[in-house]
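Structure record follows, encoded as structure tokens.
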Amino acid sequence: MTQVIKRQEELDLLAKKARELKEKRIEQYKRLNLFQRCKLICLKLGVCYPKKHGAWWVFKDSVLEIGYDDFAPNIYVLYKDKKVLEVHLGQLTLFRVGKWLDRVLEISNPLLKQEEQEEYLQRQRELLEEIDRWGEIEEDE
């Protein structure tokens, strides 16, 4: 009977460790904004492969491969041919930390800045158009 209890305690400890590690990885994934970063890399630097619904976008360099399905949304990241990140239907299903994160951050940081600038300019244009629609008309005297 004590052996059964010890085995159950061991399983409980393993379950706790797995749960804590998963929670830690989910927090890291969200904090680093990895979905957006990987998506942006694929859309800006990758190759588009059209499919019946949406497209697969794939970015590859010497050590990194990122795939993004713009319909699902799904993402995978391979680093030196090992899967290190997987998002299936928007849910994080695999996340292994390592040097690949540095590469993703290095590639995505300028892309994020560029995207922020484009969003700012777009919003600025929209607001200027809004002001023009509701502003006073200037008439010649």
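Any read-out appearing in this document is the output of simple, stated calculations on the displayed coordinates, not a laboratory observation. These numbers were taken from a predicted model, which means no experiment stands behind them. Ideal geometry is used to build each Cβ from the backbone, glycine not excepted, and the neighbour counts take in all protein chains shown.
Brief remarks follow.
- Matching strands (runs of 3 or more DSSP E) fully within the range 1-107 where at least 1 residues are crowded, with 16+ Cβ neighbours inside 10 Å: 55-60, 64-69, 74-79, 82-88, 91-95
- The single condition from (1) under 20 Å from Leu21 (Cβ atoms); (2) in contact with a Phe, Trp or Tyr (Cβ under 7 Å, 6 or more places away or on another chain) that Gly54 fails is (1).
- Number of residues in the range 97-135 that are among the hydrophobic types (A, V, I, L, M, F, W, C) and within 30 Å of Lys24 (Cα to Cα): the value is 8.
Okay, residues lined up against (1) more than 19 Å from Trp56 (Cα to Cα); (2) acidic (Asp, Glu); (3) out of contact with any helix residue (DSSP H, G or I) (no Cβ under 7 Å at 6 or more places or on another chain):
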{"residue": "His88", "(1), (2), (3)": "no, no, yes"}
{"residue": "Gln91", "(1), (2), (3)": "no, no, yes"}
{"residue": "Lys99", "(1), (2), (3)": "yes, no, yes"}
{"residue": "Glu106", "(1), (2), (3)": "yes, yes, yes"}
{"residue": "Pro110", "(1), (2), (3)": "yes, no, yes"}
{"residue": "Gln114", "(1), (2), (3)": "yes, no, yes"}
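- Qualifying residue in the range 42-53 (condition: of a type in the set (Lys, Arg), over 16 Å from Ser108 (Cα atoms), in contact with a strand residue (DSSP E or B) (Cβ under 8 Å, 6 or more places away or on another chain) and free of Cβ contacts under 8 Å to residues at least 60 places away in the same chain): no
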